[in-house]
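The values are calculated or read from the model by the stated rules, or taken from the named source; none is laboratory data. Just so it is clear, the structure is predicted and the values come from calculations on it, not from any experiment. All Cβ positions, even for glycine, are placed from backbone atoms using ideal geometry, and neighbour counts span all protein chains on display.
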Amino acid sequence: MSTATTALWHTVFYSGLERVEQRAHSFWIPRDQAGLEATVSWGSLDLRFRNDSPYGVLITAQSGNDFVTTTIWSTKRYTIKAESGPRTNVTPPKTVDDPSPTCVPQAGVAGFDIVVTRVFVQDGVVVKREPLRTSYDPAAQVYGRAEPKASPSPTPSASVSGSTPAPAPIGLAQRLALRPSSGLRPVGAAAG
């Protein structure tokens with residue numbers, strides 16, 4: 001669920017729509033850009049945003065086994081840039097030794113604070129700066145008896161000369177190019 005929520009948040013962020021409610025995970029997940037991810041939790045955390053533009057918006061989404069893509073279509077008002085500040089108040093993860101037979105070891109993650117500033121540019125001029133502050137708690141490094149499952153070794157396969165590789169999903173927060181001839185344009189798009 002957090003992959004879809006993060007993809008939609010990136011799309012909202014880069015489209016320049018107003019952020020009403022958005023929260024990051026309590027600890028940083030390395031697959032996500034620090035300070036630019038989102039999570040939801042039934043009854044307590046939500047992702048909410050407002051169309052503060054004078055134009056209508058259309059939100060589309062697509063998903064597959066290993067990707068989620070969201071796009072917001074509208075009339076573009078701003079070019080949005082993200083400026084990530086340094087990680088501050090870094091707290092190393094604690095170490096936990098759990099000898100129980102059901103323990104599954106996990107890597108620790110440091111906690112830290114970060115500010116990502118959303119920069120609104122219109123006609124080449126910065127018209128607004130919106131700092132978004134995120135604080136991550138450290139996640140403990142857990143050692144125990146149980147060994148993590150080993151990844152299977154790759155199985156050799158024959159290659160076919162001249163074959164075309166399968167397309168891969170585009171990276172998180174990839175914005176689509178505008179199409180000058182259409183009325184509705186993608187103003188924000190994200191894939192994860």
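Observations, loosely collected:
- Some residue of the range 61-84 being without any contact (Cβ under 8 Å) to a residue 40 or more places away in the chain and among the β-branched types (V, I, T): no
- Residues that are in a loop (DSSP other than H, G, I, E, B) and at pLDDT 85 or above within the range 35-64 comprise G35, L36, E37, N51, D52, S53, P54, Y55, G56, V57, listed in sequence order.
- Selection status of L8, of a type outside the set (S, T, N, Q), over 14 Å from T134 (Cα atoms) and either in contact with an Asp or Glu (Cβ under 9 Å, 6 or more places away or on another chain) or surrounded by fewer than 16 Cβ atoms within 10 Å (Cβ to Cβ) (or both): no
- Taking the criterion of being of a type in the set (A, V, I, L, M) and closer than 13 Å to A140 by Cβ, the residues of the range 69-108 that qualify are V96, V104, A107.
- Of the residues making up the range 105-125, those that are β-branched (V, I, T), surrounded by 13 or more Cβ atoms within 10 Å (Cβ to Cβ) and without any contact (Cβ under 8 Å) to a residue 60 or more places away in the chain are T117, V119, V121.
- Of residues in the range 1-56 being of a type in the set (K, R) and in contact with a Ser or Thr (Cβ under 9 Å, 6 or more places away or on another chain), the one nearest to T79 (Cα to Cα): R23
- Residue identified as exposed (fewer than 15 other Cβ atoms within 10 Å of the Cβ), within 18 Å of the chain's Cα centre (by Cα) and among the polar types (S, T, N, Q) among S100, S44, S84: S84
- Filtered residues of the range 129-143 (kept if assigned to a strand (DSSP E or B) and closer than 27 Å to P99 by Cα): A139, Q141, V142, Y143
- Of all residues making up the range 27-61, the number that are among the hydroxyl-bearing types (S, T, Y), under 30 Å from P93 (Cα atoms) and in contact with a strand residue (DSSP E or B) (Cβ under 7 Å, 6 or more places away or on another chain): 1
- One residue alone among I72, I29 is touching a Pro at 6+ places or on another chain (Cβ under 9 Å) and either among the hydrophobic types (A, V, I, L, M, F, W, C) or crowded, with 19+ Cβ neighbours inside 10 Å (or both), and that residue is I72.
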